[in-house]
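The values are calculated or read from the model by the stated rules, or taken from the named source; none is laboratory data. Predicted model only: the values in this text are computed from it and were never measured. In this analysis, Cβ positions are derived from the backbone assuming ideal geometry, glycine residues included, and neighbour counts consider all displayed protein chains.
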Amino acid sequence: MSTHWNVKFLTSAASAGALVADHGREVAFAGRSNAGKSTAINAITARSGLARVSRTPGRTQLINFFEVAPERRLVDLPGYGYAKVPEAVRERWLELMRHYFDRRESLVGLVLIVDSRRGLGAQDVAMLEWVLARGRGALVLLSKADKLNRRDQSQVLRETRSACEGTPVVVQLFSAHDKLGIDEARAVMNGWLA
């Protein structure tokens, strides 16, 4: 895979029947609402505005597919954990996510965006367990690392790596603002998509 992707939007899916055909390879992005998932996607793809960035958490309510190369995709999953989303919507998201993780054969890796100021939460851990149970790769990006001093960056990195010890999960600091970790994240994803 090239280090420069020619990424284009494919489609959005609100139901299992609307998902892109399950062939090729794809890397999914997930994270709590307001963790910086859309910003990370835009930074990694070097395409501002590819994934919508909003001040209102929980805006991604569909599964969005982006083509990187023929039969190679990035997938933007709905954010989780935002309290103001109606229960019926939350249940629909959960059902769609379950279907996606349980049945998607083309899924080769998960990029989990975690706000470095908050660290891994219970839902983040559950997401990692879900993808690891399927034998897929996982990369945790500790986003917004530019908002922490060096000592706090080192501490959250150490704590997160410790929490993931004994698993194949890769953990790294990330900041779209400071361009920290973008090349490393792209290299991991290129390995998955190759």
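Determine whether Q172 is surrounded by fewer than 18 Cβ atoms within 10 Å (Cβ to Cβ), touching a strand residue (DSSP E or B) at 6+ places or on another chain (Cβ under 8 Å) and modelled with pLDDT of 95 or more.
Yes; evaluated as a whole, the condition is true for this residue.
Cβ-Cβ below 7 Å, separation at least six or inter-chain, first residue in region 20-48 and within 21 Å of A126 (Cα to Cα) and of a type in the set (F, W, Y), second at pLDDT 95 or above and outside any helix (DSSP H, G or I): which pairs?
F29/L74; F29/V75; F29/V111; F29/I113
Limited to region 147-194, what total is found for residues that are in a loop (DSSP other than H, G, I, E, B) and without any contact (Cβ under 8 Å) to a residue 24 or more places away in the chain?
3
Only one residue in A133, A69, A145 is out of contact with any strand residue (DSSP E or B) (no Cβ under 7 Å at 6 or more places or on another chain) and over 27 Å from F9 (Cα atoms), so which one is that?
Just one listed residue meets the conditions, A133.
Between a first residue in region 117-145 that is at positive phi and a second residue that is outside any helix (DSSP H, G or I), which pairs have beta carbons less than 6 Å apart while being 6 or more apart in sequence or on different chains?
Listed by first residue and then by second, the contacts come to K144/G36; K144/D115; K144/S116.
Table: residues versus (1) over 24 Å from N42 (Cα atoms); (2) surrounded by 13 or more Cβ atoms within 10 Å (Cβ to Cβ); (3) of a type outside the set (D, E, K, R).
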| position | (1), (2), (3) |
| --- | --- |
| L74 | no, yes, yes |
| G79 | no, yes, yes |
| E95 | yes, no, no |
| R117 | no, yes, no |
| D124 | no, yes, no |
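Just to be sure, is V111 crowded, with 19+ Cβ neighbours inside 10 Å and assigned to a helix (DSSP H, G or I)?
So V111 does not fit the description; no.
If you take the residues of region 15-33 that are assigned to a strand (DSSP E or B) and of a type outside the set (A, V, I, L, M), which of them is surrounded by the fewest Cβ atoms within 10 Å (Cβ to Cβ)?
Quick first cut of region 15-33, residues assigned to a strand (DSSP E or B) only: 25-32.
The next check asks that each one be of a type outside the set (A, V, I, L, M); those that pass are 25-26, 29, 31-32.
Numbers: R25: 18, E26: 24, F29: 25, G31: 27, R32: 22.
Residue satisfying both the conditions and the ranking: R25.
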